[in-house]
Amino acid sequence: MEKTDKPVNNTQYKTVKLVSGYVYEFDYDKIIGYCHYKIHYGGITRDILKKHECVSKQCKYFEKYEDSPYWLRVKQNIERKALRKEIKKNIAANKAARQAKILDEYEQIRQEAQLIANNNDYNIIITRVIPSPIKNGFKYIVNYVSDANYGDWYTYRELATELGKRFHCKFKLSHVRLPDGRYMIIDEWIDRV
């Protein structure tokens, strides 16, 4: 049984017996390999390669034509995919490094605030420093607990002023509240931790 396709344009054509048993006249670049298996030997096209899964099976009878444009494209696609993966990995690593740096900055401010509070004999614990979610002039919010069960931030406003001088931005003090709305005191914070 023989089937042939006629050339359409002036490219190089070659008559090839395919694994399927048919003889075709192909553009030379369409033949990407050869199967040496004695039962169905012949040329391999991209469609036959996918159907027979020669590469994924690592068939020992399959001979790859390395100079075929198909394999060059496959290699370029693999390299592009690896490059995209590397870029994503680098972006994730940079993002994690930036996040760690930001958290380190917050911790540094928290420690500095606690040091200022201790030097001024303020009986408070600085719980954390966060960026201000509302752009109202304050860059950071300093959360703290004290022995008072009311909002006593004005007692410690010198702490915010001193932090502002050291870090060149505005700070807001915020007494930590419990879920029920009450202000948390130091003993509750220690018991919670």
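The values are calculated or read from the model by the stated rules, or taken from the named source; none is laboratory data. Since the structure is predicted, the reported quantities are computational estimates derived from the model, not experimental observations. In this analysis, Cβ positions are derived from the backbone assuming ideal geometry, glycine residues included, and neighbour counts consider all displayed protein chains. Remember, those area values only see protein heavy atoms, side chains included, never the ligands or the DNA or RNA. Shrake-Rupley method; radii C 1.70, N 1.55, O 1.52, S 1.80 Å.
Can you tell me the relative contact order of the chain? Whole percent, Cα pairs under 8 Å, sequence separation 6 or more. Relative CO of the chain lands at 11 percent. Only helices enter the 222 nm calculation for the chain: every DSSP H run of n ≥ 4 contributes -39,500 (n - 2.57), and dividing by all residues gives -13500 deg cm²/dmol, rounded to 500. Residue-wise HN-Hα couplings along the range 118-128, as the Karplus relation 6.51 cos²θ - 1.76 cosθ + 1.60 with θ = phi - 60° gives them from phi, are 5, 5, 8, 6, 7, 8, 9, 10, 7, 7, 5 Hz; Gly and Pro carry x.
Annotation note: trypsin sites (Lys or Arg not before Pro) in the range 39-130 located in DSSP loop regions with a Cβ neighbour count of at most 13 within 10 Å are LYS60.
Looking at the range 145-190, which trypsin sites (Lys or Arg not before Pro) are in a loop (DSSP not H, G, I, E or B) and have at most 15 other Cβ atoms within 10 Å?
Working: sites: ARG157, LYS165, ARG166, LYS170, LYS172, ARG177, ARG182; in loops: LYS170, ARG182.
Loop-located and lightly packed - LYS170, ARG182.
Please compute the alpha carbon radius of gyration of the range 120-193, then divide it by the globular-protein estimate 2.2 N^0.38 Å. Two decimals is fine.
1.10
When THR45, THR155 are compared by accessible surface with a 1.4 Å probe, the order from highest to lowest is THR155, THR45.
Note the angle between two axes, namely the Cα long axis of helix 157-167 and the longest principal axis of the Cα atoms of the chain, as a number of degrees from 0 to 90, rounded to the nearest 10. It works out to around 40 degrees. The portion of the accessible surface of the chain made up by carbon and sulfur, rounded to a whole percent, is 52 (1.4 Å probe; DNA, RNA and ligands excluded).
Rounded to the nearest 20 Debye, what is the dipole magnitude of the range 103-193 about its Cα centre when Lys and Arg each give +1 and Asp and Glu each give -1 at the C-beta?
That gives the range 103-193 a dipole magnitude of about 520 debye.
Which of the listed residues, GLN76, GLN99, ILE109, is farthest toward the dipole's positive end in the range 63-113, when Lys, Arg count +1 and Asp, Glu count -1 at the beta-carbon? The Cα lying farthest towards the positive end belongs to GLN76. Pairs of Cα atoms in the range 39-193 fall into 5 Å distance bins, from 0 up to the last occupied one, in shares of 1, 7, 12, 13, 10, 7, 5, 4, 4, 4, 4, 4, 6, 7, 6, 4, 2, 1, 0 percent.
In the distance distribution for the range 13-98, Cα-Cα pairs more than 21 Å apart total 43 percent. Per-residue extension of 0.36 nm, minus the Cα-Cα distance of TRP189 and ASN120, leaves a gain of 22.7 nm for this segment.
Of the residues GLY164, GLY137, MET184, the one whose Cα sits farthest toward the positive end of the charge dipole of the range 100-193, with +1 on the Cβ of Lys and Arg and -1 on the Cβ of Asp and Glu, is GLY137. Applying a threshold of 24 Å to the alpha-carbon distances of LYS64/LYS89; LYS30/LYS88; LYS51/LYS75; LYS30/LYS50 flags LYS64/LYS89; LYS30/LYS88 as lying beyond it. Taking every protein chain into account, the 1.4 Å probe leaves TYR122 with about 40 Å² of accessible area, to the nearest ten. For LYS135, a cut-off of 19 angstrom between C-alpha atoms picks up these lysines, skipping any fewer than 8 places away in its own chain: LYS170, LYS172.
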